[in-house]
1. Let me spell it out: the conditions are (1) β-branched (Val, Ile, Thr); (2) part of a helix (DSSP H, G or I); (3) out of contact with any Pro (no Cβ under 8 Å at 6 or more places or on another chain), and Val114 meets all of them except one. Which number is the exception?
2. I'd like to know if the stretch 82-96 contains one or more residues that are part of a loop (DSSP other than H, G, I, E, B), of a type outside the set (Ser, Thr, Tyr) and at pLDDT below 90.
3. Inside the stretch 149-161, can you point out the residues that are crowded, with 18+ Cβ neighbours inside 10 Å and touching a strand residue (DSSP E or B) at 6+ places or on another chain (Cβ under 7 Å)?
4. Give the residues of the stretch 117-129 that are surrounded by 14 or more Cβ atoms within 10 Å (Cβ to Cβ) and either acidic (Asp, Glu) or more than 18 Å from Val26 (Cβ to Cβ) (or both), sorted by residue number.
5. Got at least one residue in the stretch 70-91 being within 15 Å of Leu45 (Cα to Cα), β-branched (Val, Ile, Thr) and within 19 Å of the chain's Cα centre (by Cα)?
6. All but one of (1) in contact with a Leu (Cβ under 8 Å, 6 or more places away or on another chain); (2) at positive phi hold for Met121; which doesn't?
7. Looking at the stretch 30-81, which of its residues are surrounded by 18 or more Cβ atoms within 10 Å (Cβ to Cβ) and either free of Cβ contacts under 8 Å to residues at least 12 places away in the same chain or of a type in the set (Val, Ile, Thr) (or both)?
Amino acid sequence: MLSTVEKYLETLLAFVPKRKAGRHAVDYVSLIHVPVHGPERVYSLVFDKKSPLLTVARYKETVWEIVERKPVDGESLSPELDALQAEVAADHPVFEYLDTPTLGRCQNHSEGGVGQEYFLMLWQKDGQANVVECYEPHFIQDSSWQTVIDAMQALSGQFEYALQES
């Protein structure tokens, strides 16, 4: 049986590209955002040369609270979410910001805890890969983290805006 922490991570990592033979099949960046207040968001971008794919999962309730809850009378404990998936133009300007050097400069900033904004990033690109975390990236003024976060949120916002307009 999975622990609460394992259930939490399994839920959030559901939107990260799956592994094949011990390694991720494609180059990607996945960014998990745990805000101080409100539900989590997961941004994933697959770097495909012909048709890069953006996936955004916005949970409707805080996932941690859902996985801690005890089911009552057959209640489903699966979190509700809004999901967006969109193909990104291969020449989109966001790729200038989500390059291997910028991703590689994102270092762990693990000093933090409850009541602080938190990001977890998993990435693989051009033969390099890492898993890093950061508390309060805007407060510590780490430009690489800020670049990645801003690029992923701007790209997501562009597609979310287009959906609202249609």
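The values are calculated or read from the model by the stated rules, or taken from the named source; none is laboratory data. Just so it is clear, the model here is predicted, and its values are computed rather than measured. Methodologically, a virtual Cβ is constructed for each residue, glycine included, from the backbone with ideal geometry; neighbour enumeration extends over all protein chains shown.
1. Looking at each condition in turn, Val114 falls short on (2).
2. no
3. Scanning the stretch 149-161 gives Ile149, Met152, Leu155, Ser156.
4. Glu117, Tyr118, Phe119, Leu120
5. yes
6. Going through the list (1) in contact with a Leu (Cβ under 8 Å, 6 or more places away or on another chain); (2) at positive phi, Met121 breaks only (2).
7. Ile32, Val34, Val42, Val46, Thr55, Val56, Val63, Ile66, Val67
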